[in-house]
Amino acid sequence: GETVTFQGPEDYVRSRGVDVTVVNDAECIQLMKDFIAAKPTLWNEDIGEEE
């Protein structure tokens with residue numbers, strides 16, 4: 001995954017015994033940036049933000 005466009009609850013998940021690997025892959029980051037730019041309303045809905 002990547003944590004540039006959105007920081008998830010990594011510490012919480014790790015504290016529950018889950019192995020989390022953050023790759024911060026450039027292609028993944030760009031895909032997310034493009035999606036956020038193209039669909040800001042959907043993105044905000046997905047992450048629980050109001051416009």
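Selection within the stretch 6-31: residues that are in a helix (DSSP H, G or I) and among the polar types (S, T, N, Q). The member of this set that is surrounded by the most Cβ atoms within 10 Å (Cβ to Cβ) is GLN30.
Within the stretch 24-51, being hydrophobic (A, V, I, L, M, F, W, C) and either in contact with a Lys or Arg (Cβ under 6 Å, 6 or more places away or on another chain) or at pLDDT 95 or above (or both) holds for ALA26, CYS28, ILE29, LEU31, MET32, PHE35, ILE36, ALA37, ALA38, LEU42, TRP43. Has the stretch 41-51 got at least one residue that is more than 12 Å from the chain's Cα centre (by Cα) and aliphatic (A, V, I, L, M)? Looking through the stretch 41-51, at least one residue is more than 12 Å from the chain's Cα centre (by Cα) and aliphatic (A, V, I, L, M).
The values are calculated or read from the model by the stated rules, or taken from the named source; none is laboratory data. Quick caveat: nothing in here was measured; it's all calculated off a predicted structure. All Cβ positions, glycine included, derive from the backbone under ideal geometry; neighbour counts span all protein chains shown.
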